[in-house]
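As structure tokens, the structure follows; a few thoughts come after it.
Just so it is clear, none of the values below were taken in a lab; they were calculated from the coordinates. Note that the coordinates shown come from a computational prediction; the quantities given were computed from them, not determined experimentally. In this analysis, Cβ positions are derived from the backbone assuming ideal geometry, glycine residues included, and neighbour counts consider all displayed protein chains.
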2 protein chains.
Amino acid sequence: MERSKTQPYHHGQLREALVTSGRALLEEKGIRGFTLRECARRAGVSHAAPAYHFASIDDLLAELAARGFDELAAAMTAEADRVKGAEDAATGRLVGQGVGYMAFAAGNPALFQLMSSREANRLDTPALAAAADKVRSLHAAAVEAVIPHASGEIKQRMADFVGASVHGFISLLLDGQIGGKDSSRALKARGLSLLSAMAETVIRTGG
Amino acid sequence: MERSKTQPYHHGQLREALVTSGRALLEEKGIRGFTLRECARRAGVSHAAPAYHFASIDDLLAELAARGFDELAAAMTAEADRVKGAEDAATGRLVGQGVGYMAFAAGNPALFQLMSSREANRLDTPALAAAADKVRSLHAAAVEAVIPHASGEIKQRMADFVGASVHGFISLLLDGQIGGKDSSRALKARGLSLLSAMAETVIRTGG
DNA sequence: CGCCTAATCTTGTCGTTGGAAAGAGGCAGA
DNA sequence: TCTGCCTCTTTCCAACGACAAGATTAGGCG
């Protein structure tokens, strides 16, 4: 094999390269079109090379999902920080986190779908669970800040409510089940309308 | 081949048999574990027999999804009719439809996930679109009955809100992202709590 | 009643997949 | 330097979706 100039025998960064090519492939072909061999091909290695870094294709998908949750948490925090100067800081953060959540999902639809189906696809690693937990605790903290004096049960149910509304809206939207022929601007308005209705419900129920 | 007593050469009901075995297989193995050949095996025919009835594996999945939406609409209507005797009939129906939606999803998690990802999986048939439309119009009609005097825009946004809340809650629940170690009874209470908060928001926003 | 056309199903094949096994290449510590 | 381990390649296997060609039968037409 002619390899001397082009490719060293040892890749060196193969795990990272597979994560990168895998993520791109996932967005291009969707979950059902995702193949381990194509990931390897794009990373410039043989089809069996990934086996050392990922025990199975589900292992690689779990890694992609876990990193997705990390990014999602970061996107939520970043957007919440951005709207710091609102009149009601706590409510502003709650809505901001929702905007960040939706923006991440819209920007990475296939990855988001993968993240939303790990149970059904039987992928379950500690890193994945921890990353998903972080997102949940962000929701809980934002709700806590809005209704600090409410009971724990109310807070938990409002956190459910917030997570469900935001997740459900962007899921249905990406699925084409909401806003068929609306422009992007009108859809954003509907999303914000949902977020404000959601925030108002949290405030009213908690107080 | 010895076939005289056991299996006639022509199945006769193969399309229906494939839909039935396919649905069972989907719930057993999940979307990624779904194979056309296993469907054929369970229906007692050769691996190439399905080709005549379904052009591709995506065609069969689309059929399963379309029938799922039909069943979902029926479950929503049935549950809404069941709670007919509530104090506020319109609100009762709205909540009842939400309960029916969640019950169907909980009873058919893999099918529900398939239905919630048709865009990403590139399946798109007229029957599927029509069946999904029926579910959406049920949401819209229930909201309409609760706030008949609101503007069309408010009604549309409240329909979004209702669909998103219900869909998001049951999706996160089936995904294990809500109510990790709660009993089934406590989860149902949280679901109902979400539905009542949702209904109250619709009423307040519309009036 | 008998044929005969078209629909249905089987068998066989191709290219691709995920995974396992065996061996080659290269790095790092003794 | 040498040796052992980590990484990657090559080779192989069973299973997959899809296609092609042949077998079988139902049902209409004579």
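Details
- Within the range B:175-198, the set of residues being surrounded by fewer than 22 Cβ atoms within 10 Å (Cβ to Cβ), part of a helix (DSSP H, G or I) and of a type outside the set (Gly, Ala, Ser) comprises B:Arg185, B:Leu187, B:Lys188, B:Arg190, B:Leu192.
- The range B:46-72 residues that are under 16 Å from B:Ala17 (Cα atoms), paired with ones that are basic (Lys, Arg) and in a helix (DSSP H, G or I) (beta carbon under 7 Å, 6 or more apart): B:His47/B:Arg37; B:His53/B:Arg15; B:Leu64/B:Arg23
- Conditions (1) surrounded by fewer than 15 Cβ atoms within 10 Å (Cβ to Cβ); (2) part of a helix (DSSP H, G or I): number failed by B:Val143: (1)
- Some residue of the range A:5-27 being under 22 Å from B:Phe34 (Cβ atoms), out of contact with any strand residue (DSSP E or B) (no Cβ under 7 Å at 6 or more places or on another chain) and within 12 Å of DNA strand D (Cβ to nearest atom): no
- The range A:171-197, subset facing another protein chain (nearest Cβ under 8 Å) and touching a residue at least 40 places away in the same chain (Cβ under 8 Å), residue farthest from A:Gly92 (Cα to Cα): A:Leu174
- Any helices (runs of 4 or more DSSP H) falling wholly within the range A:30-118 and containing at least 1 residues that are crowded, with 16+ Cβ neighbours inside 10 Å and within 16 Å of DNA strand D (Cβ to nearest atom): A:36-43, A:50-53, A:57-82
- Test: residue in the range B:124-136 that is part of a loop (DSSP other than H, G, I, E, B) and of a type outside the set (Gly, Ala, Ser): yes
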